[in-house]
Amino acid sequence: MGIIVYIIFGALVGWIASMIAGTNKEQGAIGNIVVGILGAFIGGAVASWAGIGDITGFNISSFLIALGGAVVLLFIYKAVRGAGHHSSHSPMSR
């Protein structure tokens, strides 16, 4: 796939993954593209390792593999980010 197709594919995957994970409002277009492309790498590696398939182009199986990777990435991000957040009522925030 050409670079433009990767960007479009990444944006679409990242946008849908962000809606599933509940991070759409805070991500923006660049965040969606990055999450989609990283999700495709993660999903492709896991799917290939598990013998399920691989990212082979702009098709439904590649889309679903990339979407799975992107959703997992966002949930991991939310878990790590949530662990570091403190309540505004915390004595340490004053």
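The values are calculated or read from the model by the stated rules, or taken from the named source; none is laboratory data. Here the structure is a predicted model, which means the values were calculated and not measured. We place every Cβ from the backbone using ideal geometry, glycine too, and count neighbours over all the protein chains shown.
Return the residues of segment 48-86 that are in contact (Cβ under 8 Å) with a residue 12 or more places away in the chain and either loosely packed, with under 13 Cβ neighbours inside 10 Å or of a type in the set (Lys, Arg) (or both); say none if nothing qualifies. Matches in segment 48-86: Gly57, Lys78. Is at least one residue of segment 19-31 at pLDDT below 90, among the hydroxyl-bearing types (Ser, Thr, Tyr) and surrounded by fewer than 17 Cβ atoms within 10 Å (Cβ to Cβ)? Checked against the condition, which is being at pLDDT below 90, among the hydroxyl-bearing types (Ser, Thr, Tyr) and surrounded by fewer than 17 Cβ atoms within 10 Å (Cβ to Cβ), segment 19-31 yields no hits at all. Within segment 14-33, residues that are more than 20 Å from Val80 (Cβ to Cβ) have Cβ atoms under 7 Å from residues that are hydrophobic (A, V, I, L, M, F, W, C) in these pairs: Ile16/Leu67; Ala29/Ala11; Ile33/Ile7; Ile33/Ala11, counting only partners at least 6 apart in sequence or on another chain. Just to check your reading of the model, which residue among Ser18, Ser48 is part of a helix (DSSP H, G or I), under 11 Å from the mean Cα position of the chain (by Cα) and of a type in the set (S, T, N, Q)? Only one candidate qualifies: Ser18. Please go through segment 49-59 and give me each residue that is modelled with pLDDT under 90 and either of a type outside the set (Asp, Glu) or more than 20 Å from Gly2 (Cβ to Cβ) (or both), ordered by number. Listed by number, the residues that qualify are Gly51, Ile52, Gly53, Ile55, Thr56, Gly57, Phe58, Asn59.
Quick one: in segment 32-47, of everything that is of a type in the set (Val, Ile, Thr) and in contact with a helix residue (DSSP H, G or I) (Cβ under 6 Å, 6 or more places away or on another chain), which residue is surrounded by the most Cβ atoms within 10 Å (Cβ to Cβ)?
Val35
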